[in-house]
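What follows is a set of notes on a single structure, which appears directly below.
The values are calculated or read from the model by the stated rules, or taken from the named source; none is laboratory data. Values in this document were obtained by computation on a predicted structure and should not be read as measured data. Here the Cβ positions follow ideal geometry from the backbone for every residue, glycine too, while neighbour counts run over all protein chains shown.
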Amino acid sequence: MNIKMIVTDLDYTLLRRDKTVSEYTIDVFRRVRKRGVLIAFATARDFRFVTEHISLLIDIVPDIVIADNGALARYNGNDLYKRLIPVDTANTLLSRFEIINCASTESAYFLTSDYAHEHWSIGKKATVITDFSDGIKEDTLYVDGIVNKLPIDIIDGFPELRAVTYSGINVVTIVHREATKLNALIAVERALHISTDEIVAFGDDYSDMEMLRGCGVGVAVANAIEEVKAAVNYICGDCDEDGVAKWLEERIL
């Protein structure tokens, strides 16, 4: 395979269920990089959390980070893609959630007090504890929380938005309609002059499906949802069994 970039989801894909990776996986990624292959992380998580926490924790520093469900893509400190929800629209959305967990802007997290103590990005970006009665003051990367209605109803009247759902948890994230992992990846491809056929992507959940279908090679981990498995070229091992790394060693190295 003539692969020039590896792009992988993090949670339940590259990361094991305990949010770690093995020394074996670290070694495989180092060897892949020595071959000149670029490494990209594509995640629902915040950009700063990836660069300031996850990549340091697992000792794999990506060349490209696609973060915030595809709202932001960055390479060597430069933004290659960015899609924000206008502040007025974000404030309208707040009233449609039963419980608001978080609203993330480029400068801060806005968190309810009940959610703040367990939020995974405390300390990685300015944090504002709020009941949201005063709204948000700037354009927003995403708003997420719990709803008592269909996700599509939250964005009713806003065709420029999309609702992201996840298997196994009752959380909905609202982002700009163009904020997808695939759109961000296409922007990266164009900027770095890499063909889609030269990219292998790994994932496990609904938000990965478009990206997996849109790359030259799509790979689902064994613990992926069935819809993802049906959409890909290959299925590798479980995230707890170094599935991504083993596939790379067998197929790329």
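Mind checking whether some residue in segment 171-180 is assigned to a strand (DSSP E or B), surrounded by 21 or more Cβ atoms within 10 Å (Cβ to Cβ), touching a residue at least 24 places away in the same chain (Cβ under 8 Å) and touching a Cys at 6+ places or on another chain (Cβ under 8 Å)?
no
Restricting to segment 138-154, name every residue that is out of contact with any helix residue (DSSP H, G or I) (no Cβ under 7 Å at 6 or more places or on another chain), closer than 17 Å to Cys102 by Cβ and in contact (Cβ under 8 Å) with a residue 24 or more places away in the chain.
Asp144, Gly145, Ile146
Counting only residues that are more than 23 Å from Ala187 (Cα to Cα) and touching a strand residue (DSSP E or B) at 6+ places or on another chain (Cβ under 7 Å), how many does segment 33-51 have?
Looking only at that region, the number is 0.
Would you check if Ala90 is outside any strand (DSSP E or B), small (Gly, Ala, Ser) and crowded, with 21+ Cβ neighbours inside 10 Å?
Considered against the rule, which asks whether it is outside any strand (DSSP E or B), small (Gly, Ala, Ser) and crowded, with 21+ Cβ neighbours inside 10 Å, Ala90 comes out as yes.
For residues that are free of Cβ contacts under 8 Å to residues at least 40 places away in the same chain and over 27 Å from Cys236 (Cα atoms), tally how many sit in segment 181-200.
2
Quick one: how many residues across segment 21-68 are on the phi > 0 side of the Ramachandran plot and of a type outside the set (Asp, Glu)?
Qualifying residue count for the region: 1.
Any chance segment 118-132 includes a residue that's in a loop (DSSP other than H, G, I, E, B), surrounded by fewer than 20 Cβ atoms within 10 Å (Cβ to Cβ) and assigned by TED's automatic domain parsing to the domain that holds Leu10?
no
Hey, Val164 hits all of (1) of a type in the set (A, V, I, L, M); (2) under 15 Å from the mean Cα position of the chain (by Cα); (3) farther than 30 Å from Ala90 by Cα but one; which does it fall short on?
Checking Val164 against (1) of a type in the set (A, V, I, L, M); (2) under 15 Å from the mean Cα position of the chain (by Cα); (3) farther than 30 Å from Ala90 by Cα, the one that fails is (3).
Filter segment 1-30 down to the residues that are touching a residue at least 12 places away in the same chain (Cβ under 8 Å), assigned to a loop (DSSP other than H, G, I, E, B) and either farther than 19 Å from Ile194 by Cα or in contact with a strand residue (DSSP E or B) (Cβ under 8 Å, 6 or more places away or on another chain) (or both) and list them by number.
Passing the criteria: Met1, Ile3, Lys4, Asp9, Leu15, Arg16, Arg17, Lys19, Thr20, Val21, Ser22.
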